[in-house]
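The values are calculated or read from the model by the stated rules, or taken from the named source; none is laboratory data. Note that this is a predicted model, so its numbers are computed, not measured. Neighbour counts are summed over all protein chains in view; Cβ atoms, including those assigned to glycine, are modelled from backbone coordinates with ideal geometry. Side chains are part of the model used for accessible areas, which takes the heavy atoms of the whole protein and leaves out ligands, DNA and RNA. Shrake-Rupley method; radii C 1.70, N 1.55, O 1.52, S 1.80 Å.
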Amino acid sequence: MGQLAQSPTRSGFVALAGRPNVGKSTLANAIVGAKVAIVSDKPQTTRRAIRGVATGPDWQLVLIDLPGVQRPRDALTERMQHRVERELADADGCLFVINAEGVGPGDRFIAELLRAAPVPVTIAANKVDRTNSARTAAALQAAAELKIADEIFPISARTGAGVDNLVDHLIGLLPAGPFYFGGGERSDQTPAVMLAELVREQVLARTREEVPHAIEVEVQDIRRPRDDLVLIEAVVLSETESQKGILIGAGGRMIKSIGVAARRAIERELGTNVHLDLSVRVRRHWRGDERLLDRLGIE
């Protein structure tokens, strides 16, 4: 008797779309099972083309975590807008994430952009854990009326409710093909970019409205002097002296708080002791500096 034919593998790219703060990064992390995109309650926190990789026995789903769609204002947001269009064109499917608490003008604006998408669109109504069944039902009805998706899934990225059913559906969209990444890989970020994102997450968690999107973090040096210690030198870039003052804080308390929390997050990620040397520097108009954006890995 001949050997049974081995089932072919499926692999492909699914682009995550949605307005700021609907939980795309949290959902990417829930699907992948590791932190690949920073999670914050501040809009516009996802700036890089971060691919989260989820791998099963015979499938591999590569998530492209797109930035929140907005009208271009500077070189940074213009790059983000171009990336949305480019990544959609190269994907096998699109996952449009909305808030289960309701569909708003921002969702309808993105839906219009996705109407011409060359790939199947699936809608995930996220944060069902934060609303009641009546409001969720109304949001699902409003999502259906957008008329851009064949399937709509109510989910909670935070608790995991409904995520398995959503993943099963997304796997069904993938074409037959070999894996793009090795089984242990979770992201295509470089170590410097990944560490910078972990630091920036702690900045976002602790600063007021005027600071978050005027800052970036650049990791300048990573060394491992011995097996149980990693030394990291990083700089928080702000656009003004007043923002620098907020980031440093009275008596240096703010930057110390950011540094301690960031070091703990990095130690959890790397599984080893970390010494983090963190400073703040003013770099005026960094968001319009194409060479700096290239160096920071912002596409």
So VAL69 ticks every box in (1) modelled with pLDDT under 65; (2) over 22 Å from GLU145 (Cα atoms) but one. Which box is left unticked? (2)
I'd like the residue in the stretch 92-129 that is among the acidic types (Asp, Glu) and in contact with a Gly (Cβ under 9 Å, 6 or more places away or on another chain) and, out of all such residues, is least open to solvent (accessible area, probe 1.4 Å). ASP107
List pairs: first in the stretch 255-283 and among the hydroxyl-bearing types (Ser, Thr, Tyr), second open to solvent by 60 Å² or more (accessible area, probe 1.4 Å), Cβ under 9 Å, 6+ apart or cross-chain? SER257/ARG206; THR272/ARG224; THR272/ASP227; THR272/ASP228; SER279/GLU233
Lone qualifier among ALA196, ALA143 - being open to solvent by less than 10 Å² (accessible area, probe 1.4 Å) and at pLDDT 90 or above: ALA143
Residue count, the stretch 146-175 (criterion: over 13 Å from PHE96 (Cα atoms), open to solvent by less than 80 Å² (accessible area, probe 1.4 Å) and not in a helix (DSSP H, G or I)): 7
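Suppose the filter is at pLDDT 55 or above, under 23 Å from ASP90 (Cα atoms) and hydroxyl-bearing (Ser, Thr, Tyr); does THR55 pass it? Spell out how you get there, then give the answer.
On the way: at pLDDT 55 or above: yes; under 23 Å from ASP90 (Cα atoms): yes; hydroxyl-bearing (Ser, Thr, Tyr): yes.
Criteria met by THR55.
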Members of the stretch 119-134 found to be modelled with pLDDT under 90 and in a helix (DSSP H, G or I), listed by number: SER133
